[in-house]
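FYI, it's all coordinate maths here, none of it is from the lab. Computed from a prediction, not measured in an experiment: that's the story for all the values here. Glycine also receives a Cβ, built like all others from the backbone with ideal geometry; neighbour counts cover every protein chain displayed.
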């Protein structure tokens, strides 16, 4: 009996060390030889979707995000500077051992994916949100989103794509900017979000989630 | 350090848990992925899995990076049965006791292989019939070792693997599976003394199973597992279990279990509906394998729903199992052909992964000629609080409406169903 048990353990150990699949299907986050695309498919897809269009709004859509923005955020997770709860609960650990090359490959993979917008939200909120997106809130000196995020919200350099993003994610992140210092890389947004009312935040998020750049 | 009073012992235990947490001592899977418990456990209510937690398990516990694969778990509780049996002592009189402690060896072994092995010390394992004193014992608990691979690209997603485990349905990733729900809190009253279908009880840590499974496009799950007696090559998964509890259950040959599940995610919602079945032959006398066997055929229907969007976590599970028994081999059975039907359901809500409540319903009964009739029915409301992600404090009340197939005079000596009602306070921590 004992011999059989030892044989089983040895067999498992042998399989474990010798019969692994190639790096093309690895889920090892501490192996620099695994490509970013492999990690995107084997690991990131569990929450963000195979093509970067996540299903659950807890997780942001990554499809079509500008490379520069993606890299800034991943490095902020990796060095523990971005400290919003959803960020550190899910992303600090996953990013801790990724190399710059892997991050570049991940950024490139997601930038090439086609974003898919959500279903249109309540028309009244969408209309009010479009005004904020296009014109800002002049009486409070809040600039329009399009000024930095692009005329259609498709993102630009270090400014993320916000068109088609989950409304719930946008609301939560705008609230993080408005109320906390948990995203130091987005200090610019702290000033902008500071005077947005909860209704403003709901409206602009409702507009953006269903918006698809032409 | 010697602390005599049970309450002081409990407080000391809690303080150790909290101190361990502040030192960032977390279970090994969390160390492996670097993520918080809520990533894998719905609303932080371990062991219930999120969609990501299910993928972590189905891909063989291999996401992340290899770390020290050791974790521990401990449970303190106080259980008060309304009209307690004095012979059961501290298990029923409301005393705060250190109930169980577990060691987990769990984590990634290679890119394709990982495991979960729990070894548990039960502080109240057996009772000396003369002195009434309880003695503790350590034995194998739930174990699941996997090899898994994933073929995934823009057009397909296929996870497939092999699992080696020691408890039917412990390999399942949905909490409606009998091994996981709804009475997962150690020390829970569960369904009382009801005789459950063999799929839900009776074979844990008695058997060894090897199964193959596949999960296609996050939509269809299929599994086929064969169980045999947990001896010989499988004996490491049953060690110490039968120490004070009679001989090991002996199965005849390899016994099949099958499982199908359909799943879907939309927005913050996800749902599963599944079927399962177990066909098993058991020797009525494990010391005499020259006899015919008793034959149990179980078919289960189960479903699960989750809504996961911070700060809300809402989950619901239901499981119905129908068992056909053919006990021709068991000469002691008064009714060779019998059935058992088990219905169990649970709904729970957690706010901010911190404050939660749940309500469970159970109805277990056999065919009319079932003798003895152990049918039970009742409800279990519960409230709980996670002061930290690795500690849960809860209060659970179990109310019986039917005991031993009766709604009154359940022991023939005037005992009412209410007399079996119980209140359980627990502190459950892992680090």
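Summary table below
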{"item": "Nearest-0.05 FRET efficiency for residue B:83 and residue B:409, computed from C-beta distance (R0 22 Å)", "result": "0.95"}
{"item": "Overall dimensions of region B:216-289 by Cα: Rg and Dmax, Å", "result": "17.7, 56"}
{"item": "Ranked B:196, B:76, B:275, criterion: other C-beta atoms within 10 Å, fewest first", "result": "B:275, B:196, B:76"}
{"item": "Relative contact order (%) - criterion: Cα under 8 Å, at least six apart; region: chain B", "result": "14"}
{"item": "Computed over region B:6-430, Kirkwood Rh from alpha-carbon pairs, angstrom", "result": "22.4"}
{"item": "For chain B, calculated [θ]222 nm from helices alone, where every DSSP H run of n ≥ 4 adds -39500 (n - 2.57)", "result": "-2500 deg cm²/dmol"}
{"item": "Computed label-point distance, nm, for sites residue A:179 and residue B:154 using a 7 Å Cα→Cβ extension", "result": "4.0"}
{"item": "Taking the C-alpha atoms of region B:308-358, convex hull volume expressed per residue in Å³", "result": "101"}
{"item": "Tail weight of P(r) past 33 Å, computed on alpha-carbon pairs of chain A, percent", "result": "24"}
{"item": "Rounded D (µm²/s) - the protein assembly as shown, Kirkwood Rh over Cα pairs, Stokes-Einstein at 10 °C, 1.306 mPa s", "result": "59"}
{"item": "With 5 Å bins from 0: P(r) over region B:233-353, alpha-carbon pairs, percent", "result": "2, 9, 13, 14, 14, 13, 12, 9, 7, 4, 2, 0"}
{"item": "Along each principal axis, Cα extent of region A:28-111, largest first, Å", "result": "31, 26, 23"}
{"item": "For region A:112-214, alpha-carbon Rg and Dmax in angstrom", "result": "12.6, 39"}
{"item": "Cα coordinate range in region B:293-431, projected on the principal axes (Å, largest first)", "result": "54, 36, 26"}
